[in-house]
Amino acid sequence: ASQRFPFRINVGFFHSEPIGSYRDIHFEFPELSFPPDLTVQSFTGVAHISRTPQGLLVEGKFSAELPLECVRCLETYNQSLQIEFDEMYAYKMFDFTESGLFVPDDGNIDLGPVIREYLMLENPIKQYANRIARGCARFAVEPEPEDLRTSDADQNRITPSQGEAASPVQPNTE
């Protein structure tokens with residue numbers, strides 16, 4: 001792997017290997033840029049490449065830190081990204097896989113675009129400095145309830161925040 005293309009891997013030797021052969025390739029970078037607009041820190045992971053009758057199965061498991069700006073307090077924080085993927089690189093161009101990936105004639109595949117795509121998908125739409133509380137240190141906010149639906153019985157309850165005891169409202173039967 002070159003410094004300019006750290007995810008370009010020569011896999012030409014797999015063509016003569018028996019089906020089931022595999023190699024694990026480990027990656028670790030303090031900072032890594034995925035052009036045109038993604039730069040991550042503390043990038044680590046492994047690509048497990050296996051020979052199959054159709055081509056090469058690449059199983060990737062990677063983690064990285066993405067510097068982001070909180071949408072509430074505008075402070076910078078590091079968002080942890082964890083990705084896993086399975087992609088098939090076909091040996092013949094006419095045997096394209098779902099993703100359209102194939103092993104080129106020179107025997108070099110580039111995992112960079114695939115890794116970038118999965119990292120972008122893992123990037124949150126709304127960036128909060130504290131994902132658990134949906135807030136940050138400057139704006140302490142209660143977590144959003146997971147289930148906002150209420151039953152009919154719950155709608156008839158008076159909550160302590162309304163100044164009453166939390167007990168069901170008893171219908172007047174007299």
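The values are calculated or read from the model by the stated rules, or taken from the named source; none is laboratory data. Every value quoted in this text rests on a predicted model; they were computed, and no experiment measured them. Cβ coordinates were reconstructed from backbone atoms using ideal geometry, including for glycine residues, and neighbour counts include every protein chain displayed. Ligands, DNA and RNA are excluded from the accessible area calculation, which covers all protein heavy atoms including side chains. Shrake-Rupley method; radii C 1.70, N 1.55, O 1.52, S 1.80 Å.
Structure data summary
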{"item": "Accessible surface of PHE102 - all protein chains present, 1.4 Å probe, nearest 10 Å²", "result": "60"}
{"item": "Qualifying GluC sites (Glu not before Pro) for segment 1-97 [loop in DSSP, other Cβ within 10 Å: at most 13]", "result": "GLU75"}
{"item": "Rounded to the nearest 10 Å², the accessible area of THR44 at probe 1.4 Å", "result": "50"}
{"item": "In Hz, Karplus ³J(HN,Hα) per residue of segment 119-127 (6.51, -1.76, 1.60; θ = phi - 60°; x = Gly, Pro)", "result": "5, 5, 5, 7, 5, x, 5, 9, 9"}
{"item": "Loop trypsin sites (Lys or Arg not before Pro), segment 1-93 (other Cβ atoms within 10 Å of the site Cβ: 13 or fewer; DSSP)", "result": "ARG4, LYS92"}
{"item": "Sequence-distant residues sharing a close amide H with GLN127 (under 5 Å, placed H)", "result": "VAL71"}
{"item": "For LEU101, residues with placed amide H under 5 Å, excluding near neighbours", "result": "ALA90"}
{"item": "Rounded to the nearest 10 Å², the accessible area of TYR91 at probe 1.4 Å", "result": "50"}
